[in-house]
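Here's the structure, in structure tokens; my notes come after.
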Amino acid sequence: MTSQLTLPRPDDWHLHLRDGAMLQAVLPESARDFARAIIMPNLVPPVVTSADAAAYHARILAALPEGMTFEPLMTLYLTEDTDPDDVAAAHASGLVKAVKLYPAGATTNSASGVRNFDRIRPVLERMADIGLPLCTHGEVTEDHIDIFDREAVFIDRVLDPIRKSTPGLRVVMEHITTRNAVDYVREDSSGQLGATITTHHLILNRNHILAGGIKPHYYCLPVAKREEHRLALRAAATSGDPRYFLGTDSAPHTDPNKLSSCGCAGCFTAPNTMPLLAHVFEEEQALDALAGFACENGPAFYGLPVNRETLTLTKQDSPVRFPEQIVTEDGPVTVFDPGFDIFWKVT
Ligand code: DOR
Ligand code: ZN
């Protein structure tokens, strides 16, 4: 039985760090285990221009505690007014590694996102020319589309048409939650498509959120789906297929904002993601696939080297206790609790 696992230091290909006091509090939680992360731009106001990204990058580095190393990989928030030349300059400077598409209204701070997908054609064409990936929040937003169907409908009505009309565009389907998305990636033959999978979507199905009482800390977007979809995600993550890689979507909100009559979407998994993943991969008898998923496939997609440093996970004899909350100046943030014992620890 494997009781110790040494991996290249992992990266997080989808992370929310926020700003100000929250950034200060959550950044060490990611920097402790992860070398790099793709930083989501859904601040208020969003990170739209290359200048915004440079300023946010500087604020992240300023918030990094002494002695920790961490490389923020910046993204731009795509709007209908995004300037293709600014995007190209941001890419050429090396600062920006992807552009994020939020359909307007899909999730937290997405109000400035895209309503009319025709209006972003010039930017997408430029991105295809220069090889800059598009990260998609893959949900349609129409009121009449059931929330559990919004990812599948997005693939059919938005993503597939965009990809067909923009050959060469590299796309990361972010935080996929359905068998439909897993299949769409697997059946693709372009070599230009990848998908991130979160830790919590490997653990939760919709019953976990709703059966036996509502669990606000399990509510995120896209919302967890039926069990068959969770199993498809587990199969994809542990398959060794390099197109699936870790993006935690760790998304801190204070407890008052989660535990409200209109609670925010997001699971805060940065502090314990690697132990949780070791548990999941061990359950799937696929511990040997964890390095690919968390450490190698993401860098390969983004054309970056695998980290030279390492991270070791050790299996303990008794359950490992993680902090229930972290303290921030904005209020407490609850750490994701999987609801079962975890024996793996970063050592
Ligand atoms: O659950 C989520 N939280 N999903 C998102 O797409 C956004 C994120 C956030 O920013 O809180
Ligand atoms: Zn996210």
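Scanning the range 174-183 for residues that are closer than 11 Å to residue 236 by Cβ, assigned to a helix (DSSP H, G or I) and either away from ligand 2 (no atom under 16 Å from the Cβ) or modelled with pLDDT under 95 (or both) yields 179, 182, 183. Note on the range 42-58: among residues that are loosely packed, with under 15 Cβ neighbours inside 10 Å and more than 15 Å from residue 86 (Cβ to Cβ), the one that is nearest to ligand 1 (Cβ to nearest atom) is 44. Just one of 61, 5 is in a strand (DSSP E or B), more than 16 Å from ligand 1 (Cβ to nearest atom) and at pLDDT 95 or above; which is it? Going through 61, 5 in turn, the sole match is 5. Among the criteria (1) more than 18 Å from the chain's Cα centre (by Cα); (2) at pLDDT 95 or above; (3) hydrophobic (A, V, I, L, M, F, W, C), the one residue 23 does not fulfil is (1).
Close Cβ contacts (under 9 Å, 6 or more residues apart or on different chains) running from residues in the range 319-331 that are touching a residue at least 60 places away in the same chain (Cβ under 8 Å) to residues that are among the charged types (D, E, K, R) and assigned to a loop (DSSP other than H, G, I, E, B) comprise 330/18.
Every residue, every condition in (1) crowded, with 22+ Cβ neighbours inside 10 Å; (2) assigned to a helix (DSSP H, G or I); (3) within 16 Å of ligand 2 (Cβ to nearest atom); (4) of a type in the set (Lys, Arg), yes or no:
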site	(1), (2), (3), (4)
80	no, no, no, no
94	no, no, no, no
98	yes, no, yes, no
107	no, no, yes, no
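For the criterion of being part of a helix (DSSP H, G or I) and either within 15 Å of ligand 2 (Cβ to nearest atom) or charged (D, E, K, R) (or both), residue 66 fails.
Scanning the range 21-41 for residues that are within 16 Å of ligand 1 (Cβ to nearest atom), more than 13 Å from residue 252 (Cα to Cα) and not β-branched (Val, Ile, Thr) yields 37, 41. When the range 144-159 is filtered for residues that are assigned to a helix (DSSP H, G or I) and either over 21 Å from the mean Cα position of the chain (by Cα) or closer than 17 Å to residue 125 by Cβ (or both), the ones remaining, listed by number, are 156, 157, 158, 159. Residues in the range 263-279 that are part of a loop (DSSP other than H, G, I, E, B) and either over 22 Å from residue 324 (Cα atoms) or within 10 Å of ligand 1 (Cβ to nearest atom) (or both): 264, 265, 266, 268. Out of 149, 83, which single residue is away from ligand 1 (no atom under 16 Å from the Cβ), farther than 30 Å from residue 226 by Cβ and not basic (Lys, Arg)? Criteria check complete, one pass: 83.
Being under 24 Å from residue 253 (Cβ atoms) and touching a Cys at 6+ places or on another chain (Cβ under 7 Å) is a description that applies to residue 98. Pick from the range 234-258 the residues that are assigned to a helix (DSSP H, G or I) and more than 16 Å from ligand 2 (Cβ to nearest atom): which of them is surrounded by the most Cβ atoms within 10 Å (Cβ to Cβ)? The selected residue is 237. Within the range 332-344, the set of residues being within 22 Å of residue 202 (Cα to Cα) and either part of a loop (DSSP other than H, G, I, E, B) or without any contact (Cβ under 8 Å) to a residue 12 or more places away in the chain (or both) comprises 335, 336, 337, 338, 339, 340, 341, 342, 343. Would you say residue 301 is assigned to a strand (DSSP E or B), modelled with pLDDT of 95 or more and within 19 Å of the chain's Cα centre (by Cα)? So residue 301 fails the test.
Can you confirm whether the range 229-246 contains a residue that is closer than 23 Å to residue 23 by Cα, in contact with a helix residue (DSSP H, G or I) (Cβ under 9 Å, 6 or more places away or on another chain) and of a type outside the set (D, E, K, R)? Yes, there is a match, as at least one residue in the range 229-246 is closer than 23 Å to residue 23 by Cα, in contact with a helix residue (DSSP H, G or I) (Cβ under 9 Å, 6 or more places away or on another chain) and of a type outside the set (D, E, K, R).
Residue check: is residue 209 in a loop (DSSP other than H, G, I, E, B), free of Cβ contacts under 8 Å to residues at least 24 places away in the same chain and either within 22 Å of residue 342 (Cβ to Cβ) or touching a helix residue (DSSP H, G or I) at 6+ places or on another chain (Cβ under 6 Å) (or both)? Spelling it out, it is not the case that residue 209 is in a loop (DSSP other than H, G, I, E, B), free of Cβ contacts under 8 Å to residues at least 24 places away in the same chain and either within 22 Å of residue 342 (Cβ to Cβ) or touching a helix residue (DSSP H, G or I) at 6+ places or on another chain (Cβ under 6 Å) (or both).
Residue-by-condition table, conditions (1) within 15 Å of ligand 1 (Cβ to nearest atom); (2) within 24 Å of residue 312 (Cα to Cα); (3) touching a residue at least 60 places away in the same chain (Cβ under 8 Å); (4) in contact with a strand residue (DSSP E or B) (Cβ under 7 Å, 6 or more places away or on another chain):
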{"residue": "233", "(1), (2), (3), (4)": "no, no, no, yes"}
{"residue": "239", "(1), (2), (3), (4)": "no, yes, no, no"}
{"residue": "249", "(1), (2), (3), (4)": "yes, yes, yes, yes"}
{"residue": "256", "(1), (2), (3), (4)": "yes, no, yes, no"}
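The values are calculated or read from the model by the stated rules, or taken from the named source; none is laboratory data. The model shown is predicted, which means the values in this text are computed figures rather than measured ones. Neighbour counts are summed over all protein chains in view; Cβ atoms, including those assigned to glycine, are modelled from backbone coordinates with ideal geometry.
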